[in-house]
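Engineer: One structure is given below, represented as structure tokens, and several questions about it will come after.
The values are calculated or read from the model by the stated rules, or taken from the named source; none is laboratory data. For clarity, every value in this text was computed on a predicted model and none was experimentally measured. With ideal geometry, Cβ positions are generated from the backbone for all residues, glycine too; neighbour counts draw on all protein chains shown.
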Amino acid sequence: MPVYEFECKKCRNKFEVLLNFSEIGKGIKCPKCKSFKVDKLFSIFGFKSSSQTVSLSSSSHSCGGCTSHNCSTCK
């Protein structure tokens with residue numbers, strides 16, 4: 001099951017929830033103030049290959065999710 005990140009619109013609490021795909025959008029409640037007014041946040045995506053762990057996230061360089069700061073190494 002994937003972990004999703006949310007932010008409460010009422011108290012600005014950021015929290016994570018472990019959800020099945022079928023549960024997305026079904027009454028996610030802030031654990032701090034119990035409000036149902038929450039926004040799903042964009043999360044870092046990571047995976048593990050046989051030789052290394054790769055993390056993909058938005059970044060300031062033009063390669064987007066690439067972890068290298070040298071775009072000539074992106075494939």
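Engineer: Here are some residues: S68, S35, S60, S22. Which one is of a type in the set (S, T, N, Q), out of contact with any Gly (no Cβ under 6 Å at 6 or more places or on another chain), part of a loop (DSSP other than H, G, I, E, B) and at pLDDT 55 or above? Step through it out loud before you land on a result.
Structural biologist: Working: S68 fails: at pLDDT 55 or above; S60 fails: at pLDDT 55 or above; S22 fails: part of a loop (DSSP other than H, G, I, E, B).
So the residue among S68, S35, S60, S22 that is of a type in the set (S, T, N, Q), out of contact with any Gly (no Cβ under 6 Å at 6 or more places or on another chain), part of a loop (DSSP other than H, G, I, E, B) and at pLDDT 55 or above is S35.
Engineer: Give the residue, chosen from F47, F42, that is in a loop (DSSP other than H, G, I, E, B), modelled with pLDDT under 90 and not small (G, A, S).
Structural biologist: Selected residue: F42, the only one of F47, F42 that is in a loop (DSSP other than H, G, I, E, B), modelled with pLDDT under 90 and not small (G, A, S).
Engineer: Hey, another quick one. Kindly indicate the residue of segment 1-19 that is exposed (fewer than 11 other Cβ atoms within 10 Å of the Cβ) and part of a loop (DSSP other than H, G, I, E, B) and also modelled with the lowest pLDDT among those meeting that condition.
Structural biologist: Step by step, filter segment 1-19, then rank; the result is M1.
Engineer: For segment 1-40, what are the residues that are at negative phi and free of Cβ contacts under 8 Å to residues at least 12 places away in the same chain?
Structural biologist: Selection gives S22, E23, K26, K29, F36.
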